[in-house]
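Only the coordinates and a few stated rules stand behind these numbers; no lab work does. These numbers were taken from a predicted model, which means no experiment stands behind them. Here the Cβ positions follow ideal geometry from the backbone for every residue, glycine too, while neighbour counts run over all protein chains shown.
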Amino acid sequence: MRFLGLMSGTSLDAVDLAVVDTDGKKIIELGPTYVRKLPDDLRRLCFDATHAALNWSPGSSPPAIFQSATNAVTRFQADVVNKFLSDHCFERRSFTAIGFHGQTVLHAPPAEGRCGNSIQLGDARTLAREIGIDVVHNLRAADLAAGGQGAPMVPVFHAALAEMSRLPLPVALLNIGGVANITLITNLDQFQAFDVGPGNGPIDQWAEAHGHGTFDCDGRLASSGIADEVRIQGWLEHSYFQRTGPKSLDRYAFTAELVIDMSPEDGAATGWLRDGRTTWLRPWALWAGIRARTVWSRCLRRRSGRHPHVRSGPRGRECCPLPVAAMRPWLFPNLSD
């Protein structure tokens, strides 16, 4: 079976495309990939829709901007897919289906006594009609309704990728998107995954708010500042980092007046502000990585008697050397790029 996957994350930087041939459990072959940057007008529309979601009370009428963003996201991704298929001379009948994530504007994790809620904007029926291939969608909401955290495909794919790549076990795969998530694989039939903390999203907005582009290219801003370790340690005491998985985060889960009085450089090195307001998060999931070491290293050593290998990488952008370099001293000693 051949599938085409579409992913546009909360960093609001791009849509990713990837082809995979599979028997439903193992990866037979990884096909071509493609990344298309979001146009500025679509990025702004999705940003505004996300902030409308933050101020929306589920159960009331959804904000009108949701429909506008749904139409724009669908139209853009249909155009990207059609060009991708044409450029690679793919026959549409060779695909079993397209996996369509849509654009997340809200993620409310499950809490005691209630299921979670997650909203992705996109019209799967229109996408299928425009492309001419069946579309699978609504995976996050369906997983939350079943009692999950809303990302059912990630650990399954990571386990299949570890098997195909013959990675030594145990292994941890760290994905740094708008939120950073990690998959811990002790054996190919036993794995767990959860969000470890914030990722690229907030520092992108911090950099943009201070005139440094839509993201901190090569980590130049953060690497030129001085981190306030006292503030970092205080942040690490947040209850989220005291819990083990399963757990998940919304892109705007943390708020505090942490870096409002800092320079752009020191703020990027320590945390960052969102939109002139009091939302802050630590760049590149470094803080989360520190906590991940204490939480999971003990867990792994109890189960396997040894530390995991760690594979890491950013999603949807050119690789930035700063995240891996920054995490190297704090994560496991056999961290590999």
Quiz item: Once amide H atoms are placed 1.01 Å from N in the peptide plane, what residues at a sequence separation of 5 or more from Thr104, or on another chain, have their amide H within under 5 Å of its amide H?
Solution: Leu121
Quiz item: Which shape class, rounded, prolate or oblate, goes with segment 72-215 when its Cα gyration tensor gives a ≥ b ≥ c as root eigenvalues, a/c under 1.5 marks rounded, and past that a/b bigger than b/c marks prolate?
Solution: rounded
Quiz item: What is the list of residues in segment 4-27 whose amide nitrogen lies under 19 Å from a point 7 angstrom out from the Cα of Arg166, following Cα to Cβ?
Solution: 26-27
Quiz item: What number, in nm² with one decimal, is the all-direction average of the projected area of the convex hull of the alpha-carbon atoms of segment 133-208?
Solution: 7.3
Exercise. Go from 0 up to the bin containing the longest alpha carbon distance in segment 34-96, width 10 Å each, and give me the % of pairs per bin.
Key: 19, 37, 25, 16, 3
Quiz item: With θ set to phi - 60° and the Karplus curve 6.51 cos²θ - 1.76 cosθ + 1.60, what are the ³J(HN,Hα) couplings of segment 107-112 in order, to the nearest whole Hz, using x for Gly and Pro?
Solution: 9, 10, x, x, 10, 4
Self-check item: Whole-Hz ³J(HN,Hα) from phi, Karplus 6.51 cos²θ - 1.76 cosθ + 1.60, for segment 23-34, glycine and proline x
Solution: 9, x, 10, 9, 7, 7, 7, 8, x, x, 10, 7
Quiz item: For Ser118, which sequence-distant residues (separation of 5 or more, or a different chain) have an amide H within less than 5 Å of its own amide H, given hydrogens modelled in the peptide plane?
Solution: Ala108
Practice problem: Read phi for every residue in segment 53-68 and hand back ³J(HN,Hα) as whole Hz from Karplus 6.51 cos²θ - 1.76 cosθ + 1.60, θ = phi - 60°, with x for Gly and Pro. | Solution: 5, 5, 9, 9, 9, x, x, 8, 4, x, x, 4, 5, 4, 5, 4
Self-check item: Val156 paired with Asn82, simple spin-label distance in nm, labels 7 Å along Cα-to-beta-carbon
Solution: 3.0
Practice problem: Show the residues, 5+ positions off or on another chain, whose built amide H is closer than 5 Å to the amide H of Met7. | Solution: Asp16
Quiz item: Taking other Cβ within 10 Å of each residue's Cβ, how do Asp16, Asp79 sort, fewest first?
Solution: Asp79, Asp16
Exercise. Please give the length that would be gained between Asp21 and Arg43 if that part of the chain were fully extended, namely 0.36 nm times their separation in residues minus their C-alpha to C-alpha distance (nm, one decimal).
Key: 4.8 nm
Quiz item: How big is D, in µm² s⁻¹, for segment 40-151 by Stokes-Einstein at 20 °C and 1.002 mPa s if Rh is the Kirkwood radius over C-alpha pairs?
Solution: 141
